[in-house]
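Written out below as structure tokens is the structure these notes cover.
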Amino acid sequence: MLRATLKSLLARKLRLILSGLAVLLGVMFVSGSFVLTDSLGRSFDNMFANSLSGTDVIVTADPAINVSEMEGEPVPGMLTSADLAAVRETTGVAQAIGDVQADGARVIGANGKVVATFGPPRFGGNWTGEVGGRELREGVAPSAANEIVVNAALAKKAGIKVGDQVGVLTTQPKQTFKLVGIFGYEGRLDSRGPVTEVLFTEPVAQKLMLGKEGKFTSISVTTAGGSDPVAVRDALKTKLGKGYVVQTGSEAAAAIASGFKEALDVFNKILLGFAGVALFVGIFLILNTFSIIVAQRTKELALSRALGASRGQMIGSVLVEAVVIGLIASVLGLAAGYGVGALLSQLFASFSEVQLAGVGLPLAAVISAFAVGLIVTIIAAIMPAIRASRVPPVAALQEVATPDRPLTKLTVSGAIITAIGSGLIAFGIAENVWLMFAGVLTAFIGVALLSAFLARPAVSVLGRVFSWSVPGKLGRLNSGRNPRRTAITAAALMVGIALVTGVNTIVTSAEKSLRGSVAEEFHAELIVSGQGSPGLQPTFDGTLLPRMKQVPGVTAVSAEYGDQAMIDGKPGWVSVNTDFPAAVKMFSLSPVAGSLAQPGPDEVIVDDDSGHHLSDVISVQHANGLQKTYTVTGVYKQGEIYGGMVFGSGAIEGMRQQLPSMAFVDLSDNANEAAARKSLEALLVDSPEMLVQNADEYLDAQSAETAQFLLMIQVLLGLAILIAVLGVVNTLALSVLERTRELGLLRAIGLGRMATMRMITVEAMVITVFGAALGLAVGVGLGTAVVRGLADEGLKEVVLPWEQMGIYLVLGAVVGVIAAILPAIRAARTNVLAAISYE
Amino acid sequence: MTMTPAARAVEVWKVYGTGEAQVQALRGVSAEFERGKYTAIMGPSGSGKSTLMHCLAGLDTVNAGTVYIGETQVTGLGDAGLTKLRREKVGFIFQQFNLLPTLTAAENITLPLAIAGRQPDKAWYDTVILTVGLGDRLHHRPSELSGGQQQRVACARALVSRPEVIFADEPTGNLDSRSGTDVLNFLRDSVRQHGQTIVMVTHDPNAASYADRVVFLADGEIVDEILSPTADSVLDRMKKLDRNA
């Protein structure tokens, strides 16, 4: 039996290659993700181990604000000179260096623009000598308050050289320093990963980066000869007591690396999610292939049954085929995944200046490759296998026309499954994201089943478009011939398109809602803001505010300061508005209780959604460690675009950056906007990160960011769509093969080669446009469900991304043309004589 | 006035395979098929009768010799030329009906005209439909028709474009005798009443007896012919051929 199975497997190579390819691509995606994250993870390990290689023990303070990666950046606590002295007195400590290191030192490059990273920190700190692998390459160490050194990669990026005057933005407004030296790291590295480093003298670093002299972020300890770091660590722990974290160098490196690994892990899970979608689509393709093969082999299978093969053997023979395909595809997919993972690691490493630790093949990649490859193929083959076992032996003796089984059962179960899926989505939006994802997948399966029922009317409607020519009409009729096959092929395409459409609908609705709210509630002309990076917001000099207000035409300037803080013990956001009454007008805020006048230094105004009431006393632990209490003096009705706690000016001293990050500018009715804008831009010349924009421009800039996010999702879902296209190729190739006789006849009665190709192309386009249309419909449904579910979050109306949807539909047609190329050529080459006598 | 024959083969050779396995299917066959006549090609299995028809119809290439349909030289035409020839000058009737299952009977009948982008001549279409006698089953799909009805649709499809010649390959091979007789009568009527030229390959002496002329093939050569055949005279001749073989 096994021999017979393998033989028949070989006889249908093309078909199996196509379905194997679907598994291969999915497995490639999965194992590639593992290889990529593994090699990046090890690279980061090495990097952190190197940077702490000379440090035996490291002392830090408990974080001031401890939040998880998902909630925001944790804010480190600070150490004092007294702590440093205490460490130096501890037995076993040979040398202790106080380090200053904080994000937010932004260098203004030779071109006048701030050197940006794509998110990694831009550290500012103190020069502590050539320690931790640091090597001075050029010039000297900073010794005066106006001197700095930078790492070589940053100098190159900024286009600055030793001797230059360089502007640096820190927690203070722009200050100019003399670049006296450029340093690198051992191993001839110009940077450690994508971070940049600006080093000042100690007091300057403390003042600019930490806001106060005499503070440190960590203390690096070198132990006296012969002292065990662990013993020294324990001695320090005892000596310092509560509120400190004492780790050996290797413990610290592992701790930092594990933080990065968490981020990598999230990244890996995202990639795996997309791989999952691709594999899900692959299941459709394989299921279809096996169903067709079983249908074509009905006679052969019946003969086996007539010769005494049991049902179990029939199921076994189909499953063995699946296992063989799954195994081969897994091996090849793993190899391809290794290649892709290695390639992406190289790309990523060179892009982010990380020293690549070498590409390995993690066990997780191997296990998941085989598990995924085998499970996917076996799941897909089970239904066809069961069908194979139900072929009655008598079918061997009859002319079997594979009767069109009624679609009732399929349609009913499809409707039920779709309903269950929709229910899960509706419930999941409010309760549980995973439940919602499960609902989406379930709904996809349900719609796929329903699509067989929809195929006939849909195809006949769609086909009308192409029916103006005979080949077009024939193509349309052919695609309506086997609704199940058309449906499952189209459903595979549906999945990818539904997901992108759904995401698009949500994003478009959110954007439209925001724009609507802004138009309705925002009554100022200009916004001063900068592109934020995840850690710290860009800021500008607060002393400019009075001058900004004096610009002709300006009637009010309402500037915002902000930072993270622990509010009543929970992580939150503290903001200060310099002119809250102006903001009340600009954002059409209305009072609920108390007064909306400018809060006093120790007062706070809250929105009605905050859970606080008039006269409540709120305790805040600020990011720089300052502990304060504030009294609620007013409550306002939360607007669609303005909300949160607005503190009095007393909160500014608790912030790490005591500078405004945003300002809303109101102009008088007859003011010249362009002129006012020019004047404001001129005032902000030392803050190159800040832009002066009107509301539309500001929103457009935000949209550009979401557009990038959408693009990324589309690229990642591209693989799922590619697999769906393979499915179309497969279905067409089979149709051409099955209809060899008909093709021969058509050619015999005068259908030309081009016309034959056109016929196949129309057949393909009808399938893919049907799939795309189905995808659009399901996507709009998903998007609408989510938008409705998020109505509380300010998503007021469902806005459909018509332009994108149009593009996807056209894309569907184009994909059909591409998928048709090979089958069409094959059909056109049909030898008329051979085809007519073909059995 | 001499009329060009509807189809003509001149010294046609057809060889399959090479070396030891070489089979000479046609060995210098020359034959003319007169306009408005019904010719049957007969011969034992392997005599080359189907090959001759395929070569005449431009479905197969020849190794030597020339084939004409009307005034057009078939040998040497490329795919586009052959497609045009089949579209305009040739009709086919196959043993396996070969109808498109997605089209109705009427659509199948007009398919060659639709492919050529021509409008059917209404009067002629009505005549063909009437003679085929499908009546109310015209708008049914092939799967809803009997074998005889399907073959009559195929005959009508061949006739409707008024080709120079219709090639019929064992048209009654898959039919019961009653349906077969219907089809044969129908073909003969189209020759007698409408001047259609038909070349039919068959191994059934009864089918051959409907023709005006029977050409006998054996071992790739034309060995004999009978005019105004009867079933008996054809059977006699076939027996003789078998004995010689």
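The values are calculated or read from the model by the stated rules, or taken from the named source; none is laboratory data. If you're wondering where the values come from, they're calculated on a predicted model, not measured in any experiment. Counting neighbours? That spans all protein chains shown, and the Cβs are built from the backbone with ideal geometry, glycine included. We work out accessible area using only protein heavy atoms, side chains counted, and drop any ligands, DNA or RNA first. Shrake-Rupley method; radii C 1.70, N 1.55, O 1.52, S 1.80 Å.
Apart from one condition, residue B:89 fits all of (1) away from chain A (no Cβ under 14 Å); (2) open to solvent by 30 Å² or more (accessible area, probe 1.4 Å); (3) not aromatic (Phe, Trp, Tyr); the exception is (1). Looking across the stretch A:239-263, the residues that are open to solvent by 40 Å² or more (accessible area, probe 1.4 Å), assigned to a helix (DSSP H, G or I) and either at pLDDT 90 or above or among the aliphatic types (A, V, I, L, M) (or both) come down to A:254, A:255, A:256, A:263. Taken over the stretch A:216-231, residues that are open to solvent by 40 Å² or more (accessible area, probe 1.4 Å), of a type outside the set (S, T, N, Q) and under 25 Å from residue A:205 (Cβ atoms) amount to 0.
List the strands (runs of 3 or more DSSP E) that sit entirely inside the stretch A:510-582 and contain at least 2 residues that are open to solvent by 20 Å² or more (accessible area, probe 1.4 Å).
Qualifying strands (runs of 3 or more DSSP E): A:554-567, A:570-577.
When you check residue A:657 against the structure, is it open to solvent by less than 30 Å² (accessible area, probe 1.4 Å), within 36 Å of the chain's Cα centre (by Cα), closer than 30 Å to residue A:508 by Cα and of a type outside the set (A, V, I, L, M, F, W, C), yes or no? No: the conditions fail for residue A:657.
Could you please let me know if residue A:776 is over 17 Å from residue A:807 (Cα atoms), away from chain B (no Cβ under 14 Å) and assigned to a helix (DSSP H, G or I)? The answer is no for residue A:776. Looking across the stretch B:63-74 at every residue that is part of a loop (DSSP other than H, G, I, E, B) and open to solvent by less than 30 Å² (accessible area, probe 1.4 Å), the one that is nearest to the other protein chains (Cβ to nearest Cβ) is identified as B:74. Only one of the numbered conditions (1) open to solvent by 10 Å² or more (accessible area, probe 1.4 Å); (2) more than 14 Å from chain A (Cβ to nearest Cβ); (3) touching a residue at least 12 places away in the same chain (Cβ under 8 Å) is violated by residue B:17, and that is (3). The set of residues from the stretch B:1-58 being farther than 22 Å from residue B:86 by Cα and among the hydroxyl-bearing types (Ser, Thr, Tyr) comprises B:2, B:16, B:18, B:45, B:47. Among the conditions (1) among the acidic types (Asp, Glu); (2) touching a residue at least 60 places away in the same chain (Cβ under 8 Å); (3) buried (at least 19 other Cβ atoms within 10 Å of the Cβ), residue A:603 misses just one, which is (2). Of all residues in the stretch A:761-773, those satisfying the criterion of being within 14 Å of another protein chain (Cβ to nearest Cβ) and farther than 27 Å from residue A:505 by Cα are A:762, A:763.
If you filter the stretch B:100-135 down to residues that are under 17 Å from residue A:742 (Cβ atoms) and within 8 Å of another protein chain (Cβ to nearest Cβ), you find that the one that is surrounded by the fewest Cβ atoms within 10 Å (Cβ to Cβ) is B:101. Residues in the stretch A:666-674 include at least one that is in a strand (DSSP E or B) and more than 14 Å from chain B (Cβ to nearest Cβ).
Residues being within 13 Å of another protein chain (Cβ to nearest Cβ) and open to solvent by 60 Å² or more (accessible area, probe 1.4 Å): count how many of those fall in the stretch B:136-161. Final tally of qualifying residues: 3.
Within the stretch A:701-758, if we keep just the residues that are open to solvent by 10 Å² or more (accessible area, probe 1.4 Å) and of a type in the set (Ser, Thr, Tyr), the residue that is farthest from the other protein chains (Cβ to nearest Cβ) turns out to be A:703.
Scanning the stretch A:608-631 for residues that are in a strand (DSSP E or B) and within 22 Å of residue A:65 (Cβ to Cβ) turns up A:617, A:618, A:619, A:620, A:621, A:622, A:627, A:628, A:629, A:630.
Checked against (1) open to solvent by 40 Å² or more (accessible area, probe 1.4 Å); (2) modelled with pLDDT under 90; (3) out of contact with any helix residue (DSSP H, G or I) (no Cβ under 6 Å at 6 or more places or on another chain), residue A:784 meets all criteria but (1).
Quick grid of which residues meet (1) assigned to a helix (DSSP H, G or I); (2) without any contact (Cβ under 8 Å) to a residue 60 or more places away in the chain:
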{"residue": "A:283", "(1), (2)": "yes, no"}
{"residue": "A:289", "(1), (2)": "yes, no"}
{"residue": "A:292", "(1), (2)": "yes, no"}
{"residue": "A:305", "(1), (2)": "yes, no"}
{"residue": "A:308", "(1), (2)": "no, yes"}
{"residue": "A:323", "(1), (2)": "yes, yes"}
{"residue": "A:327", "(1), (2)": "yes, yes"}
{"residue": "A:343", "(1), (2)": "yes, yes"}
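Looking only at the stretch A:792-822, residues that are part of a helix (DSSP H, G or I) and open to solvent by 40 Å² or more (accessible area, probe 1.4 Å) come to 14 in all.
Only a single criterion out of (1) touching a residue at least 24 places away in the same chain (Cβ under 8 Å); (2) within 13 Å of chain A (Cβ to nearest Cβ) is not satisfied by residue B:47, namely (2).
Counting the residues of the stretch B:98-142 that are over 26 Å from residue A:478 (Cβ atoms) and either among the charged types (D, E, K, R) or outside any helix (DSSP H, G or I) (or both) gives 5.
Annotation for the stretch B:76-83: at least one member residue is surrounded by 19 or more Cβ atoms within 10 Å (Cβ to Cβ) and at the interface with another protein chain (Cβ under 9 Å from one of its Cβ atoms).
Evaluating residue B:12 against the criteria (1) hydrophobic (A, V, I, L, M, F, W, C); (2) in a loop (DSSP other than H, G, I, E, B); (3) touching a helix residue (DSSP H, G or I) at 6+ places or on another chain (Cβ under 9 Å) leaves one unmet condition, (2).
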